[in-house]
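Okay, structure first, notes after.
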Amino acid sequence: MPGRPGRPLGRGRAAARGTGAVMTDDRRPTLAVWKFASCDGCQLTLLDCEDELLAIAGRIDIAYFLEASSATGAGPYDLSLVEGSVTTPADAERIRHVRNVSRRLVTIGACATAGGIQALRDFADVAEFRAAVYARPEYIDTLAESTAISRNVPVDFELRGCPIDRGQLIEVITAFLAGRRPDIPDHSVCFACKRRSVVCLPVARGIPCLGPVTHAGCGALCPAYGRGCYGCFGPSGSVNLPALIPVLRRDGMSDADVVRVLRTFNAASPEFAEASKRIEENSEPEEGTP
Ligand code: SF4
Ligand code: SF4
């Protein structure tokens, strides 16, 4: 982020304000886990770490994690993990407080790193959505956009995925505890296909796939089962959507299909949002649409 000290921990996706260990004195470092607008799936990934979490718990003091315990320790905290996006004026204020009480702040998951599925409001009229969903919309205090945490406060690292991968989460936590750069490559899902010897779906079977523009982390889960990637880890570090979109069309997707696949969990990531808007602006409306 502009004007922030330190060098990036990871290319493109990660922004660091320093690479030192999260603490330097003799006490155990403290961990806090915060929830904003989200489904809790990424926090559940942390709970799902089981054995690894026990080992980590021996080295850190889990001071604030309401999903796991109502007992809370006072801040400031050495490492904060933040799940969810900012969708209300209260969220916007609370994330500034979280930043102020956190020595390092890592955002986890598509909601926190790209605004999540709730960012579909960014492409529509939020007042219309509110009126359609709630019986008394006047009681709902919401912002017009759902924004990534990094659009509100400086963050030290962004971990992508919907939900995040548990191995990558453990890597990020241990890296911050050790004061080293997390080993999270920002290459595409295609690399994982090659590693697993998965035959390329578009090349061999004409199946549309967002793998070439999607951040690795899932181990090429969908292509391994013959299904095209739909981008749940968000954009990789080397996105070239203008090159991929003609291939998606060749493999049978209409412009409306392409817009739809780009507007899921990472709809508001700059790369996916820009491409989907460009297609919409340049497309003829499909038959039957207003
Ligand atoms: S199947 Fe998809 S993710 Fe895998 S190599 Fe082909 S384009 Fe890339
Ligand atoms: S949609 Fe793409 S990134 Fe998500 S699990 Fe499937 S292959 Fe992985």
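Considering Ser150, Ser188, which residue is within 16 Å of ligand 1 (Cβ to nearest atom), touching a residue at least 24 places away in the same chain (Cβ under 8 Å) and hydroxyl-bearing (Ser, Thr, Tyr)?
Details: Ser150 fails: within 16 Å of ligand 1 (Cβ to nearest atom).
The match here is Ser188.
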Problem set entry | Which numbered condition Val258 misses (of (1) of a type in the set (A, V, I, L, M); (2) in a helix (DSSP H, G or I); (3) near ligand 1 (Cβ under 9 Å from one of its atoms)) | (3)
For this session: Please find, among Gly115, Gly161, the residue that is within 16 Å of ligand 2 (Cβ to nearest atom), on the phi > 0 side of the Ramachandran plot and buried (at least 17 other Cβ atoms within 10 Å of the Cβ).
Result: Gly161
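Could we say that Val198 is touching a Pro at 6+ places or on another chain (Cβ under 6 Å), outside any loop (DSSP other than H, G, I, E, B) and either of a type in the set (Val, Ile, Thr) or away from ligand 2 (no atom under 16 Å from the Cβ) (or both) here? Working first, answer last.
On the way: touching a Pro at 6+ places or on another chain (Cβ under 6 Å): yes; outside any loop (DSSP other than H, G, I, E, B): no; either of a type in the set (Val, Ile, Thr) or away from ligand 2 (no atom under 16 Å from the Cβ) (or both): yes.
No, not satisfied.
Determine which member of the set Val189, Val213 is near ligand 2 (Cβ under 9 Å from one of its atoms) and closer than 18 Å to Leu262 by Cβ. First the steps, then the outcome.
Numbers: Val213 fails: near ligand 2 (Cβ under 9 Å from one of its atoms).
Result of the check over Val189, Val213: Val189.
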Seminar exercise, completed: Subset of the stretch 223-239, residues buried (at least 21 other Cβ atoms within 10 Å of the Cβ) and either of a type in the set (S, T, N, Q) or near ligand 1 (Cβ under 10 Å from one of its atoms) (or both), comes to Pro223, Cys229, Ser236
Problem set entry | Ala178 farther than 26 Å from Arg103 by Cα, out of contact with any Phe, Trp or Tyr (no Cβ under 6 Å at 6 or more places or on another chain) and of a type in the set (A, V, I, L, M, F, W, C) | no
Exercise. Among the residues of the stretch 147-161, is any touching a Phe, Trp or Tyr at 6+ places or on another chain (Cβ under 9 Å), part of a helix (DSSP H, G or I) and not assigned by TED's automatic domain parsing to the domain that holds Arg250?
Worked result: yes
Exercise. Are any of the residues in the stretch 184-204 of a type in the set (Phe, Trp, Tyr), buried (at least 23 other Cβ atoms within 10 Å of the Cβ) and either over 21 Å from Pro246 (Cβ atoms) or not assigned by TED's automatic domain parsing to the domain that holds Arg59 (or both)?
Worked result: no
Problem set entry | Selection count where residues are at pLDDT 75 or above and among the basic types (Lys, Arg), scope the stretch 3-60 | 4
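If you check Leu143 against the conditions, is it touching a strand residue (DSSP E or B) at 6+ places or on another chain (Cβ under 9 Å) and not in a loop (DSSP other than H, G, I, E, B)? Show your work before the answer.
Details: touching a strand residue (DSSP E or B) at 6+ places or on another chain (Cβ under 9 Å): yes; not in a loop (DSSP other than H, G, I, E, B): no.
So Leu143 fails the test.
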Problem set entry | Single match in Glu145, Glu128 (criterion: surrounded by fewer than 19 Cβ atoms within 10 Å (Cβ to Cβ), among the acidic types (Asp, Glu) and modelled with pLDDT under 95) | Glu128
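Would you check if there is a residue in the stretch 201-208 being away from ligand 1 (no atom under 14 Å from the Cβ) and under 30 Å from Thr45 (Cα atoms)? Walk me through it before giving the result.
From the stretch 201-208, those away from ligand 1 (no atom under 14 Å from the Cβ) are none; that's our starting set.
No - not one qualifying residue is present in the stretch 201-208.
The values are calculated or read from the model by the stated rules, or taken from the named source; none is laboratory data. The structure presented is a predicted model; accordingly, all values stated were derived computationally and were not measured. Please note: Cβ atoms are built from the backbone with ideal geometry, for glycine as well, and neighbour counts cover all protein chains shown.
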